[in-house]
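Following: one structure in structure tokens, then a few remarks.
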Amino acid sequence: MKSTKDSQFALDEYYQEASEIYEKANKIHLENGLATGKIGALDVSERILNKKIDASLLEEYLEMKISGGLKEQNEMLELFEKAKESETSEQLKDDVENGFNMMDGFSDLGKKISEFNIDSVDDYFKRLDRRLFNEFFVSVVEFPLERLHGTYSIIFESVSPFQDGTLSDTNKTIVWKNIDLLRKISKASHRIPEVMKQQGFNDDSQSFDSFERTRDVTEKLNAMMNEVKNMEGIDSKLLKVEKEMEALEELKEGNVVNEIKNRFQNLTKSSDFLTNFRTTTVFHGEYGGIQSISPLLQKIKSFSSKMRLFEFRTSTSSKKWSTLENHFQHTNIQSGSLTEKFSNFRDCVQNFDFQMSFPIEFLADFNEKLTEIRLVDSDIQNYTKRLEELANTTDNLLTLTEQRYPDSAQVDGDLLSLFREYLSEHAWLQDVDILMMMLRKIRDLLKELNFDDVRKGFEGILEKMDKPKQFLECYSNLETTGSDIKELLVLPGKVWNFDPKVLESTVEVVGMFKEAYKMVEEIKEWKVATNPEIKNFPLNGEDVKAVSDGINVLETIRNVQHGLEMMKTLDVENSGINDSWDLLDSSLSQFIEILSSQKIWNSSNVSFPTNLPIDTIKTFIEDEYQENQRNDILNFLKEIQILKTDFPEYPNKLEKMNEAIEKMKEWEGEKMNPVKTMIDCYEMECNASLKLPETSN
């Protein structure tokens with residue numbers, strides 16, 4: 001037990017001594033490196049902050065003048081202010097949109113104006129005028145009508161008395177004579193339509209359609225002018241919208257949006273410099289005990305604190321930039337001119353007389369009477385068609401009866417049936433006076449029409465029609481609709497719906513980058529004062545590292561030694577690994593004792609024990625052992641494995657550490673007992689003066 005404790009104390013003593021030497025050597029080495037320029041102040045900063053500090057990322061911002069704002073920021077603010085100054089009200093936008101929608105409603109009228117034809121109206125009026133018949137026409141029509149009625153009545157009276165069955169010779173003759181009466185009906189039914197057409201009573205629907213189209217154009221022109229009166233003054237509103245659109249066009253045609261996006265991207269990329277400026281728990285680390293660099297450590301601390309603040313502020317700004325960038329990304333400004341449609345429409349309305357009128361009072365009474373005339377004329381046309389059908393039916397019946405019944409002897413019941421069917425089909429011939437009544441009525445209505453007033457009204461409209469026609473053609477040439485205009489009118493509200501103050505943060509961030517660069521430069525330029533006490537320090541970086549590596553070796557051995565002490569407390573009796581444990585315990589104890597007896601510096605002739613049952617014990621602990629120290633034991637077994645693997649390198653590392661420590665001790669000894677150099681002033685010039693003893697009496 002005494003031997004084991006002595007071994008433990010020896011290792012701890014060696015470890016403590018080496019650690020103290022390393023700490024002192026490392027500090028002197030670092031201070032000396034700073035003093036001689038082998039280590040820069042920026043290198044110290046990077047070690048303390050555990051971060052590469054490359055301020056070249058910020059060099060592009062050094063020459064930027066930010067006192068008056070950045071170029072793209074000023075351009076956007078100028079455009080934004082221009083847009084706000086020219087912003088139009090919702091009411092004005094509605095008035096402009098309604099103007100375009102109103103014109104859309106007149107799109108058909110522009111095409112129909114070409115259908116305004118006074119010549120066709122005159123032709124129609126002439127046709128109507130021909131129907132103002134005289135008494136001669138009455139007699140020409142009335143006589144054949146009476147003949148039709150009389151002949152029909154004779155046939156009806158001659159056929160009605162007979163019943164179905166065999167006819168006597170006398171009755172056959174009576175029925176047969178009706179064939180001759182058919183000739184009279186045929187002649188009269190042909191004559192009346194001919195006379196009617198000669199007098200102008202024919203189908204004039206095409207002529208009326210021409211008049212109707214002209215009348216419709218007139219009425220629609222009147223309706224249009226009544227509506228467009230509300231558009232008077234729209235030219236000034238269109239001009240205001242143009243001004244509003246000009247700011248949008250400048251934004252679209254310029255490059256300021258792309259410049260802002262690029263600025264955001266560059267600032268975001270450069271802001272990576274500000275990230276991860278975090279110090280360890282012990283801020284100064286290995287430099288904490290070097291009094292001469294405490295000002296540098298304070299600079300580094302201030303720099304780190306400032307960078308963390310900058311990181312937070314740029315992160316906040318970056319989120320706002322992202323929102324603005326996303327706004328521009330999803331705001332689509334239409335291609336082509338944004339002002340052209342408004343300016344062209346303004347040209348259309350600028351010189352148009354909105355007070356122009358197309359009175360249609362002259363058509364009011366005329367339309368009413370003409371409608372009545374059209375109804376009567378339609379009945380006359382229908383009656384004329386019946387006469388034509390009568391003529392056709394009569395001719396067919398006449399041809400049939402003449403062929404089948406050349407004389408009365410051939411008459412039979414079939415002829416009687418043919419006549420009865422004929423009479424039934426044309427029973428309307430019993431009242432032919434209705435045609436004369438309609439003719440007289442239409443004559444009276446036509447006398448009431450004032451064709452000259454209507455003609456003059458149309459001529460007056462024709463004289464003023466060019467202006468509305470040009471107006472409609474002008475709008476049609478715009479090739480736009482109210483819905484297209486609505487999309488344009490709402491565009492400014494969408495595009496300018498952002499806060500331009502977001503751009504102020506770009507100036508702020510550039511200022512942060514400038515300040516960060518300046519702080520880095522101040523750190524780089526910092527120099528430590530020369531310390532004469534560490535002059536000629538013998539250890540270089542490799543020597544200091546050798547001491548550090550040796551301490552790590554000692555620490556690994558100590559960890560195994562301490563773990564072995566912990567393992568001795570375990571009760572492994574009857575566990576199945578008793579023999580394995582005894583072997584591990586004895587082998588490691590002997591190994592550590594040997595190291596201690598060799599004073600550990602000379603361990604090159606010491607071998608690590610072989611065939612240690614590490615895996616057997618590890619399996620037991622993992623599978624069966626469930627006590628509190630389970631994880632500690634597994635970690636201990638891992639340390640043994642590390643020691644086993646790395647031990648071949650340990651003697652060399654310990655030897656290098658020993659050499660470095662000897663250099664350190666030798667240097668410290670020289671400092672304690674400096675060697676004074678004798679100067680022979682006989683052989684060389686020197687400033688030393690020789691003080692002689694005073695003369696004694």
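Couple of notes before you dig in:
- Carbon-plus-sulfur accessible fraction, the range 1-108 (probe radius 1.4 Å, protein heavy atoms only): 47%.
- Under the combined filter of DSSP loop state and at most 10 neighbouring Cβ atoms within 10 Å, the range 6-75 retains these trypsin sites (Lys or Arg not before Pro): 52, 65.
- Scaled radius of gyration (Cα, divided by 2.2 N^0.38 Å) that the range 403-454 gives: 2.22
- Helical content of the chain, expressed as a calculated mean residue ellipticity at 222 nm, amounts to -24000 deg cm²/dmol (DSSP H runs of 4 or more residues, -39,500 (n - 2.57) each, divided by residue number, nearest 500).
- In Å², nearest 10: area of residue 594 left accessible to a 1.4 Å probe: 70 Å²
- Dimensions (Å) - the range 463-583, Cα atoms, principal axes, largest first: 128, 65, 22
- From most to least packed by mean Cβ count within 10 Å, the peptides 138-145, 645-652 give 138-145, 645-652.
- Isotropic mean projected area of the C-alpha convex hull, the range 315-391 (nm²): 15.0 nm²
- Rolling a 1.4 Å probe over the protein heavy atoms leaves residue 327 with an accessible area of roughly 40 Å².
- Debye-sum result for the chain in log10 I(q)/I(0), which assumes one identical scatterer on each alpha carbon, at q = 0.07, 0.09, 0.11 Å⁻¹: -0.86, -1.02, -1.17
- Two-site FRET efficiency, residue 239 against residue 473, from Cβ-Cβ distance with R₀ of 25 Å, rounded to 0.05: 0.65
- The range 11-109: C-alpha pair distances exceeding 18 Å, %: 78 percent
- If you take all other residues with their beta carbon under 10 Å from the beta carbon of residue 656, and give Lys and Arg +1 and Asp and Glu -1, the sum is -3.
- Convex hull volume per residue, computed on the Cα atoms of the range 246-330, equals 107 Å³.
- Solvent exposure of the chain as accessible area per residue, Å², 1.4 Å probe: 56 Å²
- Rg and Dmax of the range 211-264, based on Cα coordinates, read 22.3, 70 Å.
- Normalised contact order of the chain, rounded percent, pairs of Cα under 8 Å and 6 or more residues apart: 28 percent
The values are calculated or read from the model by the stated rules, or taken from the named source; none is laboratory data. On a predicted model such as this, the values are computed, not experimentally measured, just so you know. Cβ atoms come from the backbone with ideal geometry, glycine included; neighbour counts cover every protein chain shown. For accessibility, only protein heavy atoms count, side chains too; no ligands or nucleic acids. Shrake-Rupley method; radii C 1.70, N 1.55, O 1.52, S 1.80 Å.
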